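Note sheet for the following structure.
The values are calculated or read from the model by the stated rules, or taken from the named source; none is laboratory data. This is a predicted model, so every value here is computed, not measured. Reconstructed Cβ throughout: ideal geometry from the backbone, glycine too, with neighbour counts over all protein chains shown.
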Amino acid sequence: FEYVQKKGVVSSMCMPYNVTKSLLCPLPPCQKPLDDRKFKAKETKQLYGGALAMQAEIFMHGPVAATFTVYEDFFNYGSGVYQLSNTSGKRAGLHAVKVVGWGVLNGTTEDAPEIPYWSAQNSWGEGWGMHGSFMIAQGQCGFEQSVFTATPCLDGEICVTSSSRP
């Protein structure tokens, strides 16, 4: 988010997201008509306080970004609430996603507990998960540990940037 504050980013019309495992080099030029405006954030902050802080931020201001640990089985997620298990495989790395909401999956039997979960949008395209989205059980994979939010500069607004850091 610091880069967005200082330098800005172009729109997806100028540089569409490409779902591939390799970079396009050289990068293609902006599409015509040229819209190379830069969009910046006037404030960025890391959220602390776990699930309640995330819920409050999403409720009051909209989606947040979360970085979490991905395990091998996450790549094959199809539907339902993702949870770590003894078959999750090895740690595959870190990944960042847009968290758009939360909910609770009711247990299907007396013995099945309710599962609080996050609803998130992945960047791997419509063919992955539930049309590019997924649900993950709260408290899994460090999901609540590295959460960020940004306040955009609006058109015509003078953008003085600041960072909220502890």
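May I ask you to list the residues in segment 80-104 that are surrounded by 13 or more Cβ atoms within 10 Å (Cβ to Cβ), hydroxyl-bearing (Ser, Thr, Tyr) and at pLDDT below 95?
Listed by number, the list holds a single entry, 88.
For residue 119, all conditions in the list (1) under 18 Å from residue 49 (Cβ atoms); (2) without any contact (Cβ under 8 Å) to a residue 40 or more places away in the chain; (3) not acidic (Asp, Glu) hold save one; what is the number of the exception?
(1)
Can you tell me which residue in segment 105-123 is nearest to residue 85 (Cα to Cα), limited to those that are at pLDDT below 95 and assigned to a strand (DSSP E or B)?
Among residues in segment 105-123 that are at pLDDT below 95 and assigned to a strand (DSSP E or B), the one nearest to residue 85 (Cα to Cα) is 115.
Please determine, by comparing only the residues of segment 124-148 that are without any contact (Cβ under 8 Å) to a residue 60 or more places away in the chain and not in a loop (DSSP other than H, G, I, E, B), which one is farthest from residue 75 (Cα to Cα).
Here the answer is 137.
Filter segment 47-79 for residues that are exposed (fewer than 14 other Cβ atoms within 10 Å of the Cβ) and in contact (Cβ under 8 Å) with a residue 40 or more places away in the chain; which is farthest from residue 120 (Cα to Cα)?
Ranking the qualifying residues of segment 47-79, first place goes to 48.
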